Amino acid sequence: MATVLSVSGSPSATSRTARLLRHLDARLTAQGHEVIPLDVRTIPAEALLGADFGHPAITEASALFDRADASVIGTPVYKAAYSGLLKSLLDLLPQYGLTGKTVLPLATGGSTAHVLAIDYALRPVLSSMGAAHIVQGWFTLDKDITVGDDGTLTVAPGPAEALAQVVDRFSEALGSRTALLAAAG
Ligand SMILES: Cc1cc2nc3c(=O)[nH]c(=O)nc-3n(C[C@H](O)[C@H](O)[C@H](O)COP(=O)(O)O)c2cc1C
């Protein structure tokens, strides 16, 4: 199956976005994909903010994008768009760093006013980087994601069902693409 890089762009140490992604990673893993988690907040700030293209953490992140067949790109909505942290990494990747990749964009936010942030803000960036196929994304309200004292994540039933569907469609798209590439030799 496919290798999927699952990227959380939240700077928060208690990020709901990151927890949601790790929860969805398990679903992709169960479907046979190799999932590599990447939390952008673990990359040294001086590399991201100093545009240090040669920093080992940046070259390593870039190599992960290169190796993956696909990416889940998750971000909290900040000021009606993606987080600056996510953009600081994307800005250091090659101009067409998503060429040939299938991408699932996901966002969490506090207001339905910004439910379209994926489509008007994130999707154009991913497209400009050459993504071959950006599947339907999903915006989840932060109040629908709860984390128990033991760290267990619960997503409200409606959004949980919708997320499962977008993940399954992403997984199907990966399956078709892998089959096509295998057929092409
Ligand atoms: C600096 C900041 C700006 C935010 N701006 C927005 C916004 O414009 N629209 C929105 O719906 N939510 C906004 N939020 C709420 C977050 O998107 C939301 O709580 C999200 O789930 C946080 O994800 P995280 O826990 O992964 O960081 C903002 C939060 C912060 C801290």
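Could you tell me which of the residues 173, 184, 156 is away from the ligand (no atom under 15 Å from the Cβ), surrounded by 12 or more Cβ atoms within 10 Å (Cβ to Cβ) and among the small types (Gly, Ala, Ser)? Lay out the reasoning, then the answer.
Values: 184 fails: surrounded by 12 or more Cβ atoms within 10 Å (Cβ to Cβ); 156 fails: away from the ligand (no atom under 15 Å from the Cβ).
Criteria check complete, one pass: 173.
Listed conditions (1) within 22 Å of residue 137 (Cβ to Cβ); (2) within 13 Å of the ligand (Cβ to nearest atom); (3) without any contact (Cβ under 8 Å) to a residue 40 or more places away in the chain are all met by residue 30, apart from (2).
Does residue 18 satisfy the condition of being assigned to a helix (DSSP H, G or I), more than 13 Å from the chain's Cα centre (by Cα) and either crowded, with 21+ Cβ neighbours inside 10 Å or within 16 Å of the ligand (Cβ to nearest atom) (or both)? Full working, then the answer.
On the way: assigned to a helix (DSSP H, G or I): yes; more than 13 Å from the chain's Cα centre (by Cα): no; either crowded, with 21+ Cβ neighbours inside 10 Å or within 16 Å of the ligand (Cβ to nearest atom) (or both): yes.
No, not satisfied.
Considering the range 1-15, and only residues there that are within 8 Å of the ligand (Cβ to nearest atom) and over 21 Å from residue 63 (Cα atoms), the residue that is surrounded by the fewest Cβ atoms within 10 Å (Cβ to Cβ) turns out to be 14.
With respect to residue 107, is the statement that it is farther than 22 Å from residue 2 by Cα, within 16 Å of the ligand (Cβ to nearest atom) and assigned to a strand (DSSP E or B) true? It is true that residue 107 is farther than 22 Å from residue 2 by Cα, within 16 Å of the ligand (Cβ to nearest atom) and assigned to a strand (DSSP E or B). The helices (runs of 4 or more DSSP H) found entirely in the range 44-91 that carry 1 or more residues being within 15 Å of the ligand (Cβ to nearest atom) and open to solvent by 50 Å² or more (accessible area, probe 1.4 Å) are 84-90.
The values are calculated or read from the model by the stated rules, or taken from the named source; none is laboratory data. None of the values given here were measured: they were computed from a predicted structure. Every residue, glycine as well, gets a Cβ built from its backbone with ideal geometry; the counts of neighbours run over all protein chains shown. The protein model used for the area step is the full one, side chains on, heavy atoms only, and it has no ligands, DNA or RNA in it. Shrake-Rupley method; radii C 1.70, N 1.55, O 1.52, S 1.80 Å.
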